[in-house]
1. Using only atoms on other chains, find how many Cβ atoms lie within 10 Å of each Cβ of peptide C:14-25 and report the average.
2. What total accessible area, in Å², is buried where chains C and A meet, using a 1.4 Å probe and rounding to the nearest 100?
3. How high is the FRET efficiency from A:Asp87 to C:Asp87, r the C-beta distance, R0 25 Å, rounded to 0.05?
4. Across segment D:27-40, in residue order, what do the Karplus-derived ³J(HN,Hα) couplings come to in whole Hz, using 6.51 cos²θ - 1.76 cosθ + 1.60 with θ = phi - 60° and x for Gly and Pro?
5. Can you compute the charge dipole magnitude of segment A:43-96 about its Cα centre, using +1 on each Lys and Arg Cβ and -1 on each Asp and Glu Cβ, nothing else charged? Give it in debye, rounded to the nearest 20.
6. Translational diffusion coefficient, Stokes-Einstein: compute it for chain D using the Kirkwood radius over C-alpha pairs as Rh, at 4 °C and 1.567 mPa s, and state it as an integer in µm² s⁻¹.
7. Tell me, what is the percent relative contact order of segment C:46-125, built from C-alpha pairs under 8 Å that lie six or more residues apart?
8. With charges only on Cβ, +1 for K and R and -1 for D and E, what is the dipole size of chain D about its Cα centre, in debye, rounded to 20?
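The values are calculated or read from the model by the stated rules, or taken from the named source; none is laboratory data. Owing to the predicted nature of the structure, the values given are computational and were not obtained by experimental measurement. Every residue, glycine as well, gets a Cβ built from its backbone with ideal geometry; the counts of neighbours run over all protein chains shown. In case anyone asks, the SASA skips ligands and DNA or RNA and just uses the protein heavy atoms, side chains included. Shrake-Rupley method; radii C 1.70, N 1.55, O 1.52, S 1.80 Å.
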4 protein chains.
Amino acid sequence: MSEPIGRHRWVIAEGYIPPQSTGPAPQLVSHETACILNTGDEKAHVVVTIYYSNREPGGPYRVEVPPRRTLHLRFNDLSDPEPIATDTDYASVLESDVPIVVQHSRLDSRQAELALLTTMAFPAD
Amino acid sequence: MSEPIGRHRWVIAEGYIPPQSTGPAPQLVSHETACILNTGDEKAHVVVTIYYSNREPGGPYRVEVPPRRTLHLRFNDLSDPEPIATDTDYASVLESDVPIVVQHSRLDSRQAELALLTTMAFPAD
Amino acid sequence: MSEPIGRHRWVIAEGYIPPQSTGPAPQLVSHETACILNTGDEKAHVVVTIYYSNREPGGPYRVEVPPRRTLHLRFNDLSDPEPIATDTDYASVLESDVPIVVQHSRLDSRQAELALLTTMAFPAD
Amino acid sequence: MSEPIGRHRWVIAEGYIPPQSTGPAPQLVSHETACILNTGDEKAHVVVTIYYSNREPGGPYRVEVPPRRTLHLRFNDLSDPEPIATDTDYASVLESDVPIVVQHSRLDSRQAELALLTTMAFPAD
């Protein structure tokens, strides 16, 4: 048996999908990621809400993380109910029915040499 | 109804606006950002104080974040009561009347290829 | 006598070892690191578990950090019971019998100019 | 009167001063920094201890941060009781007599294009 670790709600205040990329796909396509870890024995049902600067929030987006698995969710891949526009400021809240841990990262390959950033998300429960 | 998430006071100890940039404006202008998320139903009134290494603090700078919105505040854009000098070490404290979440990031394009950094700010209440 | 500082369990939700490198080894080989600090007077016995997106967790990997020492553990170097594949999403949990502090970082030298990221791991006890 | 914000003890588990640099000094010299903010009305007396992988800890290094000031302390500049060697893994603990906030960052200019990283330090009291 594996113990569930973490919190139920996480916040990422920074969000931005660069509009261009250089280098081979899919590894070096510019992307914004929420790395989610579910260490427990039950599937995690995660609801993602996207906040914008100039319109009402988007979502809910629904993703699942199987027991004892990690999901490196690319925001670029979210499509239902709508894709997230590139070159647009946003922020996100992730809510799960079981404890998870969330880390935010971005690979920016707009220019010839990539740049990276990461931070643990803010645990809000 | 949307629930307010976060804290009332956040600290960013690192601050530096690079004095040069390369690449097209405004996306690739070197900038220092406080990404602020207000998930609640009331407008957030945020007061920013800037601390320096060799003079008394600057500010207060006042910004507002509408309900259910994010504001990616570029420190470069602050002008009242005074702009923040480039190539100068500083730190910042953000205080809000409602709960918010704050994340710090920088894009540095002094050289031909950009560099990025980010971290969640320190929640201090 | 030196006081033990930190927590017993830390989580890093992001993990990825780039498949290529440029530049002289070992410093500029692409690597993923867990920086572990043991400030106390007793040796830290640390158990690392690796979570994947599409298979059961790997490990346990066992590492030791002597009293009053830091260990910058490269995930690339883990080999028993198995190496971690490059170009593969993973996440990790580190558990220690004495308090430690864990920080995550990566150097990515797939392209000619290196990129860096870091964050404090999530303390989960 | 200005309120002191933060904690008395902070940990940075990652530490590494790159042995080379490119670009004009001092801005683009590779450096490792502890950004310290003292928002209070009393001077902060900070003691820094450096932990290594293969020898006993170094220090104490003593630095002061005046009231309502930030100090972006370059580890490169520490010299008493001894400088920190470049190309060497280390970690650090900062202890202050008044509350402070500490953020860790590095500029790496070993290659032609700089790389950056940052994270809030771990508050350990």
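1. 3
2. Working: alone 7120 and 7110 Å², together 11620 Å².
Adding both sides of the contact gives about 2600 Å².
3. Computed FRET efficiency for A:Asp87 and C:Asp87: 0.35.
4. 4, 9, 6, 3, 8, 10, 10, 10, 8, 10, 10, 10, 7, x
5. The dipole magnitude comes to about 380 debye.
6. Translational diffusion coefficient: 87 µm²/s.
7. Relative contact order, segment C:46-125: 27 percent.
8. Working: 10 positive and 17 negative charges, 38 e Å.
For chain D, the charge dipole is close to 180 debye.
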